[in-house]
1. Of the residues Ala276, Ala267, which single one is surrounded by fewer than 19 Cβ atoms within 10 Å (Cβ to Cβ) and either closer than 30 Å to Ser71 by Cβ or modelled with pLDDT under 95 (or both)?
2. Inspect segment 167-186 for any residue being among the β-branched types (Val, Ile, Thr) and in contact with a helix residue (DSSP H, G or I) (Cβ under 7 Å, 6 or more places away or on another chain) and give the result as yes or no.
3. Out of all the residues in segment 28-64, which are farther than 25 Å from Arg492 by Cβ and either assigned to a loop (DSSP other than H, G, I, E, B) or in contact with a Phe, Trp or Tyr (Cβ under 8 Å, 6 or more places away or on another chain) (or both)?
4. Among the residues of segment 128-166, what is the count of those that are of a type in the set (Gly, Ala, Ser), in contact with a helix residue (DSSP H, G or I) (Cβ under 8 Å, 6 or more places away or on another chain) and without any contact (Cβ under 8 Å) to a residue 40 or more places away in the chain?
5. Here is a list: Pro315, Pro274, Pro309. Which entry is more than 30 Å from Leu77 (Cα to Cα), out of contact with any Ser or Thr (no Cβ under 8 Å at 6 or more places or on another chain) and in contact (Cβ under 8 Å) with a residue 24 or more places away in the chain?
6. Touching a strand residue (DSSP E or B) at 6+ places or on another chain (Cβ under 6 Å), at pLDDT 95 or above and either closer than 24 Å to Pro530 by Cα or open to solvent by 50 Å² or more (accessible area, probe 1.4 Å) (or both): which single residue out of Arg326, Arg345 fits that description?
7. Between Met501, Met506, Met525, which is of a type in the set (A, V, I, L, M), more than 24 Å from the chain's Cα centre (by Cα) and open to solvent by 10 Å² or more (accessible area, probe 1.4 Å)?
8. Using the structure shown, decide if Gly396 is of a type in the set (Gly, Ala, Ser), open to solvent by 10 Å² or more (accessible area, probe 1.4 Å) and without any contact (Cβ under 8 Å) to a residue 12 or more places away in the chain.
Amino acid sequence: MPASDPAELPRFTLRQIITGRNDSTLKIPGAWAKAAAAALPESIIIRSYTDAASRSGLEPLSAGNLREQRSHHVLGLYRRSELLRSSHQTLETIRAAIPSDTTRARFDRIFRPRGEWIVDLHDAALAWARMRVPGLTLGATRVALRAAHWWRPSASAAQDEVLLRAFYGLSVLAATDSSAFAAARAKLARADSTSAEAAIALLTAYTEAQRWYASALEFFLREPWIPGGHGQSIRDLVQAEWRVLSGTREEIQRPVIETRWFGYPQAVPQYGIPPALFRHLVAVENSAAEEWLQENGEPSLLRTLRWLPPGDTVPTTLRIKSATFRLTSVARQARESLNGFLEPRDVIAIDPGYAPLLALGAVVHEWQHLIFRRRQLELFASSLGSGPRSMIRLPGVEPHLAEGFAEWSSERILTPVTQRWALVGLGELEKRADLIQRDRNDHHVLGYGLVRALAAALPDAKRTTELLLHNAEQPSGILSEPAVQKGCSRYRGAPDRILTMPRYRMLIPEVTFTVEDGFPDVTAMRILVPDSVHSTP
């Protein structure tokens with residue numbers, strides 16, 4: 001390659017991208033919907049939850065408490081003393097089963113660094129604060145919290161839980177509304193000096209404890225703590241499952257764990273762009289750009305896209321005969337979507353209040369979303385061939401199939417763990433028990449039933465996954481598979497289930513830009529009017 005002109009800046013073109021749904025309804029073939037209901041009745045979901053709770057030493061939440069307190073429960077802020085006992089017992093038995101002394105020492109550094117268990121964010125924050133303010137007690141913060149209108153006595157909850165809820169809420173406020181948080185912190189500081197010192201130290205500790213939280217989850221994902229041979233990590237279990245599902249020896253990379261204050265127990269995947277798709281989305285326009293990529297890497301350019309102009313503040317639409325598009329940008333779409341957009345790497349963002357042992361099921365669930373989407377995008381990239389394209393229509397994943405696959409796959413992967421330590425699977429089972437009572441059409445519940453019915457009709461998990469991948473955007477095609485037709489034949493004639501879905505269609509215009517010192521400078525932008533919503537010119 002000839003050397004580039006030193007004065008020539010790297011120049012790239014981001015292809016025009018179309019993404020999103022144009023159809024406001026989803027039709028689930030009646031036979032398949034009926035088979036799903038038979039495969040997963042409400043009684044099985046509730047019984048699975050109550051059995052796991054009992055095996056964990058916990059009293060199952062009633063239907064009313066599931067609706068009202070599930071979030072607080074998995075955040076360690078409802079029936080906390082009971083959950084702490086179960087967590088301590090679970091961690092003790094995990095520690096005893098760790099095959100390696102080295103791994104056990106790492107475990108101890110995280111979960112009992114000074115001989116006392118640290119099981120969640122609240123424990124970690126209190127431990128950090130007590131190192132800075134010796135003798136600090138949670139009760140010492142009451143006066144300051146009351147002065148700031150963040151605490152008052154409660155007859156319906158343990159007082160420690162009420163206080164911890166206040167600090168969790170203030171931590172969320174700090175991340176979501178800086179002005180309101182500054183005002184609340186100022187009120188804390190004006191209270192009785194002893195109480196104010198304790199409250200501010202603990203509030204700072206919640207920020208510091210996020211590092212502990214990420215380390216705790218990383219330990220379970222990375223370290224060989226599960227008995228068997230020299231020990232296995234959760235990554236090893238995920239790797240083994242996907243080698244069966246894909247029929248390859250490809251290495252599965254661990255996603256990055258990032259803490260984010262959602263204000264409720266939440267984990268979301270943010271989808272990185274596989275290298276196979278990158279060169280279809282981004283055109284390298286000169287030799288300087290090629291050299292820049294070789295030196296900085298594709299993820300760096302994807303990060304640079306965040307600095308492109310965000311677009312008009314007023315929503316703008318493009319209407320053609322067959323569709324209406326909202327015009328947007330990479331920066332705006334990445335900011336507005338929980339799943340990000342054209343991300344430089346696979347990430348799982350999780351609220352640090354989500355108790356780690358209960359959150360493991362959610363993390364593996366989101367990991368399945370990441371792997372499934374990466375496989376889908378790699379298949380899509382291979383279908384595009386090698387010719388240049390001016391416009392890319394990114395395929396979607398129908399939400400019921402996406403959530404159903406993640407529920408089914410993560411449950412399979414974690415079975416060796418949850419059979420031994422029921423608490424690890426309790427968070428996901430409690431979620432399902434809550435959701436099925438709220439809405440039987442919820443993506444997780446109905447989707448899980450659909451995938452279970454599909455798996456029962458097919459010869460193995462590999463074929464189930466292949467069929468889901470090839471029909472991820474439009475699930476009605478799955479019923480054309482003879483084995484699925486046979487498996488659902490007893491329900492032939494059942495009416496189709498029609499669900500209303502959010503309809504959205506996004507268009508990101510083509511942008512040509514140069515890069516200097518990591519920042520882009522737009523040189524051209526254009527909109528190519530699609531012939532139809534299905535075209536990929």
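The values are calculated or read from the model by the stated rules, or taken from the named source; none is laboratory data. Since the structure is predicted, the reported quantities are computational estimates derived from the model, not experimental observations. All Cβ positions, glycine included, derive from the backbone under ideal geometry; neighbour counts span all protein chains shown. SASA here: full protein model, heavy atoms, side chains in, ligands and nucleic acids out. Shrake-Rupley method; radii C 1.70, N 1.55, O 1.52, S 1.80 Å.
1. Values: Ala267 fails: surrounded by fewer than 19 Cβ atoms within 10 Å (Cβ to Cβ).
After applying the criteria, what remains is Ala276.
2. Step one: filter segment 167-186 for residues among the β-branched types (Val, Ile, Thr), giving 172, 176.
The next check asks that each one be in contact with a helix residue (DSSP H, G or I) (Cβ under 7 Å, 6 or more places away or on another chain); those that pass are none.
Checked segment 167-186: no residue is among the β-branched types (Val, Ile, Thr) and in contact with a helix residue (DSSP H, G or I) (Cβ under 7 Å, 6 or more places away or on another chain).
3. Scanning segment 28-64 gives Ser56, Gly57, Leu58, Glu59, Pro60, Leu61, Ser62.
4. 3
5. Details: Pro315 fails: in contact (Cβ under 8 Å) with a residue 24 or more places away in the chain; Pro309 fails: out of contact with any Ser or Thr (no Cβ under 8 Å at 6 or more places or on another chain).
Answer to the selection: Pro274.
6. Numbers: Arg326 fails: at pLDDT 95 or above.
Residue meeting the stated conditions: Arg345.
7. Working: Met501 fails: more than 24 Å from the chain's Cα centre (by Cα); Met506 fails: more than 24 Å from the chain's Cα centre (by Cα).
Exactly one residue qualifies, and that residue is Met525.
8. Values: of a type in the set (Gly, Ala, Ser): yes; open to solvent by 10 Å² or more (accessible area, probe 1.4 Å): yes; without any contact (Cβ under 8 Å) to a residue 12 or more places away in the chain: no.
In short, no.
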